[in-house]
Amino acid sequence: MTYSITGILLMGFALSLLGEAIIRKVESVGFWSWFGLGTIALAVFFAGISIFGQAVVFKSLMDRYGSE
């Protein structure tokens, strides 16, 4: 359960970071500012997907071997 909650929170945080990067790009802030923030947002989003995926694997293993 911890993996799934952490993964979902990371994905939500990443979307917030992405929104901030988009705002910076629209406001014509320096290239590295919005580019760096967008890159960090992608890394955090994929980390969230990985952690959530681990929760799915764990749950499927519990369903498979937990009933024995």
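Values computed for the structure shown
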{"item": "Cα-projected label distance for E27 with I40, points at 7 Å along beta-carbon direction, nm", "result": "1.5"}
{"item": "Angle between the chain longest axis and helix 2-26 axis [Cα atoms, degrees, rounded to 10]", "result": "10"}
{"item": "Tilt relative to the chain, helix 31-65 - C-alpha long axis, 0 to 90 degrees, to 10", "result": "10"}
{"item": "About the Cα centre, charge dipole magnitude for the chain (Lys/Arg +1, Asp/Glu -1 at Cβ), debye", "result": "80"}
{"item": "Cut-off 15 Å between beta-carbons: net charge of the residues surrounding W32, Lys and Arg +1, Asp and Glu -1", "result": "0"}
{"item": "Share of alpha-carbon pairs per 10 Å distance bin for the stretch 13-62, given as whole %", "result": "28, 35, 20, 13, 4"}
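Any read-out appearing in this document is the output of simple, stated calculations on the displayed coordinates, not a laboratory observation. Fair warning: this is a prediction, and the values are worked out from it, not measured in the lab. Cβ sites come from the backbone with ideal geometry, for glycine too, and all protein chains shown count toward neighbours.
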